[in-house]
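Asks: Mind looking over this structure? Questions follow.
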Amino acid sequence: METKIVLMDEQSINEKILADAGDIIRSGGLVAFPTETVYGLGGDALNEKSSERIYRAKGRPSDNPLIVHICRREDMKAIVKEVPETAWKLAEVFWPGPLTMILHKSEKIPYTTTGGLDTVAVRMPRHKVALAFIEAAGGYIAAPSANTSGKPSPTLAKYVEEDMSGRIEMLIDGGEVGIGLESTIVDLTEEIPMILRPGYITKAMLEEVLGEVKVDRTILSDTTDKAPKAPGMKYRHYAPKGNLTIIAGTQEDVVKEINRRAERMREGGEKVGIIGTDATISLYIGDSIKSAGKREDEESIARALYRILREFDDEGVTAIYSEAFDDTAKSGGIGQAIMNRLLKAAGHHIEHIW
Ligand code: AMP
Ligand code: MG
């Protein structure tokens, strides 16, 4: 199969392309598209054959559920058994936007889309291309991130092409995404809402609308010995090819420790990549040194992280050291989401030096 690559960003919505993309989805095909979080790999959420094709294209285990993307808040009614008041409130405040809600599914949604679960994940993205595409394609698009299972999610179309070329009918290139980390996932099927995956919408933001919100305890710790609530949480994710280690501590200590390890690894013939920040990259010695951005600007770090991991892959980096980022809730920031992805990419290999 040849993958047709088309250009369409938020300033150049193209009706002809949308109609073609809609036809592909309606006939059971797959279209990758930009959202404000990461690129999605879309199929018809109501067609079990489409969901099966998504799992195959990604090489993803079929018990790892997909998120259903909609383009109107009220469309969640059709795919959810009963929409609780909390869901309407969150939709009002955060949709369109990077928030996914877990709700009890209706019969309209096949089990292949939900990985066999009785619940469904729903999100209404904010990206104009995503919204127009979902509408043109019938309104219900099942879409995981458009990467090969286990790899970092794509923040640029070229990484979708790398992973999905020949496996999907169309790729809509909308340029670089805005946020760079996947949506926040909140489970509304329990008495107290629970964050299953941290993201741009933080716990504090959700609590302003809902009152008490819990955070799944597996989010910042190794999940191997506990049964995670979201099936996807048990899989290794976002991983670069090189072996990634996170070093936490004071800036001075971290720089020294990373340089010490980098030197040793390079002597042993490894190609070493280092993830620092604007304030520290000039202090490192390695084969490929990259800044994730400014610590004061967590959004810059979120946007850069997956791209950097992919660039290390392209450069053949075999050992990676990264500074740790602030995962406390202070600044109401997305630091927790950044550390959640970085820890998963590192297989939870973090060392604290104090
Ligand atoms: P992705 O779109 O690749 O970021 O993956 C979607 C993720 O959403 C899955 O890996 C799950 O962690 C989560 N998810 C989707 N549906 C459900 C559900 N019904 N219950 C819990 N988590 C879900
Ligand atoms: Mg993913």
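The values are calculated or read from the model by the stated rules, or taken from the named source; none is laboratory data. Every value quoted in this text rests on a predicted model; they were computed, and no experiment measured them. No Cβ is skipped: glycine too gets one built from the backbone with ideal geometry, and neighbour counts run over all protein chains shown. What goes into the accessible areas is simple: the full protein's heavy atoms, side chains included, and nothing from ligands, DNA or RNA. Shrake-Rupley method; radii C 1.70, N 1.55, O 1.52, S 1.80 Å.
Asks: If r is the Cβ-Cβ distance from Lys214 to Asn14 and R0 is 56 Å, what FRET efficiency results, to the nearest 0.05?
Replies: Details: r = 43 Å, r/R0 = 0.77.
FRET efficiency, Lys214 to Asn14: 0.80.
Asks: For Phe33, what accessible area in Å² do you get when you roll a 1.4 Å probe over the heavy atoms of the protein chains, rounding to the nearest 10?
Replies: It works out to around 0 Å².
Asks: Treating only the Cβ atoms of Lys and Arg (+1) and Asp and Glu (-1) as charged, compute the dipole magnitude of the chain about its Cα centre; round to the nearest 20 debye. Intermediate values should be presented prior to the final figure.
Replies: Values: 45 positive and 55 negative charges, 126 e Å.
Using only the charged Cβ atoms, the result is roughly 600 debye.
Asks: Here's something else I'd like to know. Could you order peptides 292-299, 7-14 by the average number of other Cβ atoms within 10 Å of their residues, highest first? Could you put the intermediate results ahead of the total?
Replies: On the way: 292-299: 16.8, 7-14: 14.6.
Highest mean packing first, the order is 292-299, 7-14.
Asks: Report, in whole Å, the centroid distance computed from the Cα atoms of region 312-354 and region 138-191.
Replies: Cα centroid of region 312-354 versus Cα centroid of region 138-191: 21 Å apart.
Asks: Please list 155-161, 274-280, 72-78, 206-212 highest first by mean number of surrounding beta-carbon atoms within 10 Å per residue. Let's see the in-between values first.
Replies: Working: 155-161: 22.1, 274-280: 20.6, 72-78: 15.7, 206-212: 13.9.
Going by the mean number of other Cβ atoms within 10 Å, highest first, we get 155-161, 274-280, 72-78, 206-212.
Asks: Work from the charge dipole of region 17-149 (Cβ charges, +1 for Lys and Arg, -1 for Asp and Glu, about the Cα centre) and give the residue of Ser27, Ile54, Pro110 farthest towards its positive end.
Replies: Sorting the options by dipole projection puts first Ile54.
Asks: Can you give the extra length, in nm with one decimal, that the chain gains between Glu296 and Asp253 once fully stretched, where that is 0.36 nm per residue apart less the Cα-Cα distance? Don't jump to the answer; show the numbers that get you there.
Replies: Numbers: separation 43, 0.36 × 43 = 15.48 nm, distance 1.97 nm.
Taking Glu296 through Asp253 to full extension adds about 13.5 nm, to one decimal.
Asks: Computed from the mean reciprocal separation of all distinct C-alpha pairs, what Kirkwood hydrodynamic radius does the chain have, in Å? Kindly include the intermediate steps, with their values, before the conclusion.
Replies: On the way: mean 1/r = 0.0485 Å⁻¹.
Computed over Cα pairs of the chain, the Kirkwood hydrodynamic radius comes out at 20.6 Å.
Asks: Still on this structure, please answer the following. Set the Förster radius R0 to 41 Å, insert the Cβ-Cβ distance between Asp314 and Ala204 as r into 1/(1 + (r/R0)^6), and round the FRET efficiency to 0.05. Working shown, then result.
Replies: Numbers: r = 37 Å, r/R0 = 0.90.
Given R0 = 41 Å and the Cβ-Cβ separation, E is 0.65.
Asks: Here is a further query. Which FRET efficiency, nearest 0.05, do Arg56 and Glu267 yield, Cβ-Cβ r, R0 51 Å? Write out the running numbers ahead of the final one.
Replies: Working: r = 43 Å, r/R0 = 0.84.
Step by step, r from the Cβ atoms, then E = 0.75.
Asks: Would you mind getting the accessible area per residue of the chain, heavy atoms of the protein chains only, 1.4 Å probe, in Å²? Could the numbers behind the result be given before it?
Replies: Details: 14820 Å² over 354 residues.
Using a 1.4 Å probe on heavy atoms only, each residue of the chain averages 42 Å².
Asks: Next up: May I ask you to give the percent of accessible area on the chain that is carbon plus sulfur, with a probe radius of 1.4 Å? Intermediate results must be reported in sequence, preceding the final value.
Replies: Details: 7140 of 14820 Å².
On the chain, the fraction of accessible area on carbon and sulfur atoms equals 48 percent.
Asks: From Cα pairs below 8 angstrom and at least 6 apart in sequence, can you work out the relative contact order of the chain, rounded to a whole percent?
Replies: Working: 808 pairs, mean separation 67.3, N = 354.
That works out to 19 percent.
Asks: As a check on your grasp of the helix formula, calculate [θ] at 222 nm for the chain: sum -39500 (n - 2.57) over DSSP H runs of n ≥ 4, divide by the residue count, round to the nearest 500. Each step should come with its number before you reach the end.
Replies: Values: 10 runs with 108 residues, N = 354.
Computed mean residue ellipticity for the chain: -9000 deg cm²/dmol.
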